[in-house]
1. Out of all the residues in region 87-95, is one or more at pLDDT below 85, part of a helix (DSSP H, G or I) and not basic (K, R)?
2. Mind listing whichever residues of region 200-220 are among the small types (G, A, S), part of a helix (DSSP H, G or I) and in contact with a helix residue (DSSP H, G or I) (Cβ under 8 Å, 6 or more places away or on another chain)?
3. Of the residues that sit in region 226-253 and are of a type in the set (D, E, K, R) and not in a helix (DSSP H, G or I), which one is surrounded by the most Cβ atoms within 10 Å (Cβ to Cβ)?
4. Which one of L68, L26 is under 25 Å from the mean Cα position of the chain (by Cα), at pLDDT below 85 and surrounded by fewer than 21 Cβ atoms within 10 Å (Cβ to Cβ)?
5. The conditions are (1) touching a Phe, Trp or Tyr at 6+ places or on another chain (Cβ under 9 Å); (2) modelled with pLDDT of 90 or more; (3) not hydroxyl-bearing (S, T, Y), and V162 fails exactly one of them. Which is it?
6. If the Cβ limit is 6 Å and pairs must be 6+ apart or interchain, which residue in region 50-77 that is at positive phi and in a helix (DSSP H, G or I) pairs with which residue that is surrounded by fewer than 14 Cβ atoms within 10 Å (Cβ to Cβ) and at pLDDT 75 or above?
7. Could you list, in sequence order, all residues of region 116-137 that are of a type in the set (S, T, Y) and over 13 Å from S46 (Cα atoms)?
8. Among the residues of region 129-142, is any in a helix (DSSP H, G or I), of a type in the set (G, A, S) and under 17 Å from the mean Cα position of the chain (by Cα)?
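The values are calculated or read from the model by the stated rules, or taken from the named source; none is laboratory data. Everything quoted here is computed from the prediction, not taken from an experiment. Note: ideal-geometry Cβ built from the backbone for every residue, glycine included; neighbour counts use all protein chains shown.
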Amino acid sequence: TLIVVGFSAWGFHKITELAQAGEAQLISSQLLIVVTFMFSGVLALSAAVVAGPLISSEVESGLLLAVLARPVRRSEIVIGKWLGLAVLVAIYAGAAGLLEMLAVDWATGYVPPHPIQLIVYVAVEGLALLSLGLVLSTRLSGITGGVIALVAWLMGWIGGVVGGFGAALQNDAVEDIGIISRLILPSDGLWRGAVFAMEPDAVLAQLRLGGTLARANPFAAVDPPPIAFLAWVAVWFATMLALSIWSFRTREI
């Protein structure tokens, strides 16, 4: 992560040498979105890989037999593991996001309009993959669960792109694909929230002038996530945690 931040700082600094101050900040705002997408991908991959064997590896090794012999509820094991890794995911997202924004600020003087919201959206996206991976870990092997969670993240992003094209073309059937994919796995909707937090007012004004066509761009967001979607994200997390507990309780060890 430090190496990537260092190289990106060098790249952003080169932009200031090739463009005027206003143009450099505008270019930096859009390039930062691409860099953030890379970081969100790394975070999603890490969360999926770590969560995949979270429970399954201990079941296969027999370690949980010794743990469950004590007066410990299975729900406590699931919640404890989720909380422990959730803290790590949040710390990584916050530290990496802060370092990258400091590097961009040092190189170009540009700071995203809503830096705190940006970090929160990226962190919650990682937590979504962690939660999905935990559910899969209660039934599948570590590798299988991690791969399925990662593929689900990719399919969710592709579904969001397809839905964006549907909105741009005003095709309700195609747009519904994106809506359904975000309900199943809200990672793409959270990513769009992170993008909106990075968009300067000048870029937002141009995107809104473009009408529905701007929604086809997976690296642009005209509006923040609606309150109804954020409420659904909270329900989704509660559902995933409850499903993990139920699945682990009903599994024979």
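1. Taking region 87-95 and keeping what is at pLDDT below 85, we get none.
Within region 87-95 (the criterion being at pLDDT below 85, part of a helix (DSSP H, G or I) and not basic (K, R)), the answer is no, since none of the residues qualifies.
2. Step one: filter region 200-220 for residues among the small types (G, A, S), giving 202, 205, 210-211, 214, 216, 220.
Of the ones still in play, those that are also part of a helix (DSSP H, G or I) are 202, 205, 211, 214, 216.
Passing the criteria: A202, A214, A216.
3. If we filter region 226-253 for residues that are of a type in the set (D, E, K, R), which is where we start, we get 249, 251-252.
Remaining after also requiring not in a helix (DSSP H, G or I): 251-252.
Details: R251: 14, E252: 4.
Among residues in region 226-253 that are of a type in the set (D, E, K, R) and not in a helix (DSSP H, G or I), the one surrounded by the most Cβ atoms within 10 Å (Cβ to Cβ) is R251.
4. On the way: L68 fails: under 25 Å from the mean Cα position of the chain (by Cα).
Every option except L26 fails the conditions.
5. Unmet condition: (1).
6. none
7. So in region 116-137, the residues of a type in the set (S, T, Y) come out as 121, 131, 137.
Residues satisfying the conditions are Y121, S137.
8. Within region 129-142, one or more residues are in a helix (DSSP H, G or I), of a type in the set (G, A, S) and under 17 Å from the mean Cα position of the chain (by Cα).
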